[in-house]
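The values are calculated or read from the model by the stated rules, or taken from the named source; none is laboratory data. Computed from a prediction, not measured in an experiment: that's the story for all the values here. When we count neighbours, we look across all protein chains shown, and the Cβ atoms used for this are built from the backbone with ideal geometry, even at glycine.
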Amino acid sequence: MIELFINGKTIEAEPGTTILEAALRNNIYIPTMCYDKRLKPYGGCRLCVVEVEGQGKLLASCSTPVEEGMSVQTETPRVAKARKTVLELLLVHHPLDCPVCDKAGECDLQDLAFKYGPSQPRLLAVRKHAPERIDAPIVESNPNRCILCGKCVRVCSEHQGANAISIIGKGFNSKISPAFEETLDCEFCGQCIDACPVGALGAKPYRFRSRVWFMDEFPTLCPYCGCGCTTNVGIQEGRIMRARGKEGVGINDGNLCSKGRFGFDYIYAENRLRTPLIRKNGELTPASWQEALEEIIKGLESVKANDGPEAIGAVGSQRCTMEDNYMLQRFMREIIGTDNIDSAARLGYAKAESAMEKAFGSSLPISWNRPLHAEFILVLESDITSTLPVWGLNFIKARHNGARLVIADHKETKLARQSSQWLRIRPGSGEALLIGMMKVIIEEGLCDREKASLLEGYESLMTRLNESSQADIEQITGVSREEIRELAEAYAAAGNRLLAVTSNASENTKGTAIFLAAASLVLLMGDEPGSLQAPAEFSNTLGAWAVGVRPVSGGKDCTEMLYDPGAVKALYIMGENPLVTFPDVAQVERTLRGMEFLVVQDIFLTETAKLAHVVLPACSWGEKEGEFMAATGAVQSMPKLLPETGQSIPDWKIFRNMARLMNREMGFMRLEEIRASIKEILSAGRKKELKTSLPPLAPLQALAADPYYPLTLVTATILQHSGALSVLSKNLDSVVPDAFVQIHPQDALKHQIDDGAFVKVSSRKGEIFLKAMVSDEVMEGTVFTPLHFGHAKANILTELPVKGEMPRVMVRIEKA
Amino acid sequence: MQRFRTSVMLCGGNGCTARGSLKIKNALEKELKEKGLDREITVVLTGCNGFCAQGPVMIVHPDDIFYKQVTVKDVPAIVDEHFIKGRPVERLMYRDPVKKQPIPAMKDIPFFSVQVLRALRNKGLIDPEKIEEYIGRDGYMAAAKALTEMRPEEIIAEIKRSGLRGRGGAGALTGLKWEICAKEESKEKYIVCNRSTLDIEPHSIVEGMIIAGRATGAGKGFIYTRASLPLIVRRFTIAVEKAREYGLLGANILDSGFAFDIEVFQASDEFVCGEETALLMSLESRRGMPKPKPPFPAVKGLWEMPTVINTVETLANVPQIILNGADWYRSVGTEKSPGTKVFTLSGPLHNNGLIEVPMGTPLKDIIYSIGGGLRKGREFKAAQVGGSTGGYIPESLLDLPVTYEDITKAGAIMGSGGIVVLSDLNCMVSSAKFTLEFSSDESCGKCTPCRIGTTVLKEMHKDICEGRGRESDIELMADLAVEMQDSSLCGLGQTAANPVLTAIRYFRAEYDEHIKEKWCKAGVCRELCTFYIDEEKCKACGACKRVCPKNAISGEKKVPHRIDQSLCIQCRSCYETCAFGSIRIGPRSMREEMMNLPDQGILSEIHAKQTAGEED
């Protein structure tokens, strides 16, 4: 610890901290414009200058490290004068268009000019007259207001790893721009907008819509992925105007992705449900809540009377709150008496969950800062910066801090571009790569074999490793044995290791096997189970799982209820749209159409809802109070901020009301009572002890070539779209408006497909038409498509997982 | 090895090459061959001789005869008269600017005799593209000594003891820099030679870098040059290749077990990339912008590895120090600024060029002894010391010894070592404006004081030069300039205001004249001057009339001339042409007054009438 004096106050600081950090930590204010704690010191704005005893010049506190006995003064007349001069200089060109600037009221320049600034302008104005740039989606820029602090550029490159903008030009004429002043084409995370201290960068959806002093700002949870970020929504007259990240608020600490910052507007989609609907003469017609609930009770009672409660099933939602899901399963189990309860997590998180259950005795939530402690990170077939974008930033940060980041993926993801090494393995061959690594580790004795041999299942693992030859592994992965050897050696030599694999329902390259292999590697090396980070997908995937939205006593799961016609006769779907997001969607449609009775409870009139007998309108995120359990396992609550849309009510209330209408009491009247009950089951769940055993691995499957369907179809989440909600956000749709299929230039050439042309993609299951995007991000012989666009029906091509394993989807492409 | 009776050292520096050295070399060789002298006389294209103002120059050894401004046409005369008949060609010799006596021997020419050559010790003596010639002049002896006889600590101790200070401008102690770098533990370390724009013997740089590498434990060096100077790039590339060929670079140099190699890096012309951290970013192929220090490059430099950055001049001194010892090095110069310093001298002097003098030499000696004083008719006004961001030194301070401390005290900087002499023809306000145009163009734009400060100062100077100055401007500019010095990130911003501050400090009257009287007495600021003819002095020679591009001057023989103010564009041609000093410069307000006078046509009519009347 170093002792120094700031304004006469004795302060202790770690060696290496800067004067500014030491001051801020001790609540001493120093103004800044170019400082951001996420970024390296820049020293550009010169506002943070301070006087240090014995130093002739003023020193920039943001970039001067503390020294023993240093005596710093932060507010002397000389310092104030220097700051005043800097502000005066900035106002030489900064336009005083505050009345029409969206930043007014929260602008650093405004605030600092008020604090230090000139009462009368001494210097002549040299204004800039660059046109505003509003050509890109979402992000607008006004170069005239820019004070060139460079924060946007650095957040984009250093922190976000996107490198979309840079400073071009020199001196007074420097400006922030994409290369060659082209239209901004980036991931539109909007981090630059939040970083901008003035109004030079702004969000187009917010442009000229409000003034900051007319809005009330509330922190709430982002409804999208499993990160559990806090997004701060600005509300004016009951409507969300904007959302932003704020340093120090939430686990994300100011970071947000494009969904968290701009994706909130799905709740204003046109097809929001406003009243209950009942199918009368084949048409869904508006009805009262009383009628609708009675209709449901009648329908469910009749199925129950004829076929017993086992003929009724329910699908919960990974995006509804814990309370909603809890009430669904209580209703189904207690009132109806069925265990046929599941959610779409069956197709996603369940893959990881079951593997970890086998290996560690329990599934584990992710640890937010785990990547930062690792020296060696291996990310397997996972586009983490798309699936959990803000957690993904920690991988980039770890890399900057010196960790070795190796990405094994067929696709050129952002992490692959930021990595120390990118192994371009064939899609679906992550497991084979892990087997290859384990073979090397055993052969070369890179792990503690004695300790490992004590593990349950060691013998069967050895047999399994011996069965797979290096040649097979080379053939399956497409990576040479030397590369695998090097990787395994480096992995084993590293001090703190980390494997990261995501388990999203939309990803069709990973099944349970890769998680089993990953867990085996972790156990083999003697690492703690936290060395495998397998995050849950959505905002409440873990929550739904934890409150029992899954069969627990022999009930039917999703794959049976939705794919096995007749497995259930009545289905109650809450907040899920299987007709878009489930694989082999044609089969799902057949099953659903065969239902005797189908209830859909959602916020939109979804494709699935259109098949239902009764449709119930639920409140969306923001319109109800509730809790989510993030992928980290943290249970966080969010407030009700907005009025309900139409007659919609919170999902949990629907079940409560229905039970009461049936003259059955579930014992809960209020949310607090539900929460107390949830807390009880959660604390019971936590008591589970960890046990470790090497899980049995299935033999590797060699690839079979199919001359008629030569290409492998890969599906996954993309940054802007992760499921049913994002495609209804106008903001996100302005970035990625339509489904597409990425084709490697060589394949495009082979099939004579131009970029932007329509192509017919067909598999054994069916055919669809998509727009071609020729790109070498994908591997030759592979095509990629996101699944989330309902109209594109990409899930017609895909296949249902078999025992947790994803069958390869082979397709061919033709010019349409 | 072939021995020659006579060697002709023809300068192949940038300036002389531009003026035709290569053609002269070809012509000379052809002529020698025709006369059968090619086995007796050799022509060597050397590095920059330094006397650029008189280029192309050549020296004939062993007589040490110096020829200036040689052209292809002079070649037969040189061969016939000098080489065959033994009579040196007098008309090509340098002449004393005052006595007009020819001075045949180079060593007698004051331009050379006052200089002390150390960094430039081989200038004009050897072919920079031949490593053998460098070795012949004790080349690589110092490297051999450092690698085989000295331990790295001893090298650093010797350099520290010599007191060698970085010639990059700031004057940091070179030995200290090396020591910091040497103490860092790192897999990789680098030696970077900053801005090889100076036309200096390339092998001395290579040798200096080898020694620096040995001292610090670096294995790789970069010579950072500008792609726009192909001659220099070429010479460095050849030098590195040759050194590698001779086993002076690469693995196991001179069997010492030490490995070191050098890469020549061609960069663009950004001024700010002279700043070491910006240079490193540029070397990393990124946008060259200075970074805050610490961390200093010696701790975290190129690709985050410890890096020593020295300029060419610093490195060129290193082999000499190692070879001759620190005491020898300290034998010239001052206590705090030992050794010599290279300057580029320019302005309206008799002799311009690349020079090297002991530290502490008074500025006066440089300008009057080496530079030979100002050309006829010109008066000394100021010397800008330190390049484009250097300060102006007025005549009253010409006794100033050139050392880091004294120059800084006077408000200038050592900087790039440029000395530009300004004469009575220069306006200080507009000169300061010119430097600000440069620095605002070259500011990288990273920090506020420099990016906007230079632009604001430039605009204010523009206003003053165009007659819109306000009386409060001077204080405001001085205030802003001090803030820029105080709070800018790098040397560019910290020094950019030097010209303004010194111009205000030493030539405030000129600012006052510009602002209050709207009068640029040097006649540079067009808006603030009126050119008129002092009719009593005018000899009506018509010289001014002939040079006027606008035909604004009227007058016949024996009739005093007059300038039509409505046509005059204040180009100053007449002023510079008039041999009698009859063209005068008045304040702006005179222009309107002059316009109201009857024009020359009417005057001559009146004159004609009067004479006619007399005749009648």
Can you run down the residue pairs with Cβ atoms below 8 Å, 6 or more apart or on separate chains, where the first is in the range B:273-291 and closer than 13 Å to residue B:223 by Cα and touching a residue at least 24 places away in the same chain (Cβ under 8 Å) and the partner is among the hydroxyl-bearing types (Ser, Thr, Tyr) and surrounded by 20 or more Cβ atoms within 10 Å (Cβ to Cβ)?
-> B:274/B:416; B:279/B:224; B:280/B:307; B:282/B:224; B:283/B:224
Working only within the range B:23-43, note down all residues that are in contact with a helix residue (DSSP H, G or I) (Cβ under 8 Å, 6 or more places away or on another chain) and of a type outside the set (D, E, K, R).
-> B:24, B:27, B:28, B:32, B:37, B:41, B:43
Please find, among A:328, A:300, A:347, the residue that is in contact (Cβ under 8 Å) with a residue 12 or more places away in the chain and more than 29 Å from residue A:510 (Cβ to Cβ).
-> A:300
Residues in the range A:164-189 that are polar (S, T, N, Q), within 12 Å of another protein chain (Cβ to nearest Cβ) and not in a helix (DSSP H, G or I) total 2
Among the strands (runs of 3 or more DSSP E) contained in the range B:1-92, which hold 2 or more residues that are over 24 Å from the mean Cα position of the chain (by Cα)?
-> B:6-11, B:41-46, B:58-61
The range B:412-449: number of residues that are more than 14 Å from every other protein chain (Cβ to nearest Cβ), part of a loop (DSSP other than H, G, I, E, B) and either hydrophobic (A, V, I, L, M, F, W, C) or closer than 27 Å to residue B:581 by Cβ (or both) = 7
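Working only within the range A:9-53, note down all residues that are among the charged types (D, E, K, R), part of a loop (DSSP other than H, G, I, E, B) and within 13 Å of another protein chain (Cβ to nearest Cβ).
Those that are among the charged types (D, E, K, R), part of a loop (DSSP other than H, G, I, E, B) and within 13 Å of another protein chain (Cβ to nearest Cβ): A:40, A:46.
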Select, from A:76, A:85, A:18, the only residue that is in contact with a strand residue (DSSP E or B) (Cβ under 7 Å, 6 or more places away or on another chain), of a type in the set (S, T, N, Q) and closer than 17 Å to residue A:112 by Cα.
-> A:76
Residues B:276, B:263: which one is among the charged types (D, E, K, R), more than 13 Å from chain A (Cβ to nearest Cβ), touching a Lys or Arg at 6+ places or on another chain (Cβ under 9 Å) and surrounded by 23 or more Cβ atoms within 10 Å (Cβ to Cβ)?
-> B:276
Test set (1) within 14 Å of chain A (Cβ to nearest Cβ); (2) of a type outside the set (D, E, K, R); (3) surrounded by fewer than 24 Cβ atoms within 10 Å (Cβ to Cβ) - residue B:452 fails condition number | (3)
Can you give me the ranges of the helices (runs of 4 or more DSSP H) entirely in the range A:327-418 with at least 1 residues that are under 24 Å from residue A:715 (Cα atoms)?
-> A:349-360, A:384-387, A:389-400, A:414-418
Within the range A:254-284, which residues are assigned to a loop (DSSP other than H, G, I, E, B), touching a residue at least 12 places away in the same chain (Cβ under 8 Å) and of a type in the set (D, E, K, R)?
-> A:274
Taking only the range B:292-336 into account, find how many residues are farther than 20 Å from residue B:195 by Cα, surrounded by 22 or more Cβ atoms within 10 Å (Cβ to Cβ) and of a type outside the set (Ser, Thr, Tyr).
-> 4
For the range A:423-431, indicate whether the set of residues that are surrounded by fewer than 17 Cβ atoms within 10 Å (Cβ to Cβ), within 35 Å of the chain's Cα centre (by Cα) and not in a helix (DSSP H, G or I) is non-empty.
-> yes
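Out of all the residues in the range B:417-430, which are small (Gly, Ala, Ser) and crowded, with 23+ Cβ neighbours inside 10 Å?
Of everything in the range B:417-430, just one residue is small (Gly, Ala, Ser) and crowded, with 23+ Cβ neighbours inside 10 Å, namely B:417.
Okay, residues lined up against (1) modelled with pLDDT of 90 or more; (2) touching a Leu at 6+ places or on another chain (Cβ under 8 Å); (3) crowded, with 16+ Cβ neighbours inside 10 Å:
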| position | (1), (2), (3) |
| --- | --- |
| B:1 | no, no, no |
| B:28 | yes, yes, yes |
| B:37 | no, no, yes |
| B:47 | no, no, yes |
| B:54 | no, no, yes |
| B:59 | yes, no, yes |
| B:62 | no, no, no |
Scanning for something in contact (Cβ under 8 Å) with a residue 60 or more places away in the chain, touching a Gly at 6+ places or on another chain (Cβ under 8 Å) and in a strand (DSSP E or B), does the range B:362-383 turn up at least one residue?
-> no
Just one of (1) under 15 Å from residue B:10 (Cβ atoms); (2) of a type outside the set (D, E, K, R); (3) crowded, with 21+ Cβ neighbours inside 10 Å trips up residue B:94, so point out which.
-> (1)
Out of (1) within 12 Å of chain B (Cβ to nearest Cβ); (2) assigned to a loop (DSSP other than H, G, I, E, B), what's the single condition that is false for residue A:87?
-> (2)
Report whether or not residue A:105 is away from every other protein chain (no Cβ under 14 Å) and modelled with pLDDT under 95.
-> yes
Select from the range A:115-163 the residues that are surrounded by 20 or more Cβ atoms within 10 Å (Cβ to Cβ), within 11 Å of chain B (Cβ to nearest Cβ) and touching a Phe, Trp or Tyr at 6+ places or on another chain (Cβ under 9 Å) and list them in ascending order.
-> A:149, A:150
First in the range B:545-574 and under 20 Å from residue B:522 (Cβ atoms), second anywhere and at pLDDT 90 or above and among the polar types (S, T, N, Q), Cβ under 6 Å, 6 or more apart | B:547/B:573
Output the residues belonging to the range B:460-485 that are touching a Ser or Thr at 6+ places or on another chain (Cβ under 9 Å) and at the interface with chain A (Cβ under 7 Å from one of its Cβ atoms).
-> B:480, B:483
Would the range A:6-19 turn up any residue that is in contact with a Phe, Trp or Tyr (Cβ under 7 Å, 6 or more places away or on another chain) and within 28 Å of residue B:451 (Cβ to Cβ)?
-> no
Among the residues of the range B:575-593, how many are farther than 18 Å from residue B:545 by Cα, of a type outside the set (Ser, Thr, Tyr) and part of a helix (DSSP H, G or I)?
-> 4
When the range A:54-84 is checked residue by residue, the ones that are more than 9 Å from chain B (Cβ to nearest Cβ), more than 23 Å from residue B:480 (Cα to Cα) and of a type in the set (Ser, Thr, Tyr) are A:71
Residue selected from the range A:36-68 under the condition over 37 Å from the mean Cα position of the chain (by Cα) and among the acidic types (Asp, Glu), by the criterion surrounded by the most Cβ atoms within 10 Å (Cβ to Cβ) = A:51
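Going by the conditions given, is residue A:95 surrounded by 15 or more Cβ atoms within 10 Å (Cβ to Cβ), of a type outside the set (A, V, I, L, M), within 13 Å of chain B (Cβ to nearest Cβ) and closer than 26 Å to residue A:208 by Cβ? Steps first, please.
Working: surrounded by 15 or more Cβ atoms within 10 Å (Cβ to Cβ): yes; of a type outside the set (A, V, I, L, M): yes; within 13 Å of chain B (Cβ to nearest Cβ): no; closer than 26 Å to residue A:208 by Cβ: yes.
For residue A:95, the condition - surrounded by 15 or more Cβ atoms within 10 Å (Cβ to Cβ), of a type outside the set (A, V, I, L, M), within 13 Å of chain B (Cβ to nearest Cβ) and closer than 26 Å to residue A:208 by Cβ - is not met.
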Go through the range B:296-338 and count every residue that is under 14 Å from residue B:222 (Cα atoms) and part of a strand (DSSP E or B).
-> 5
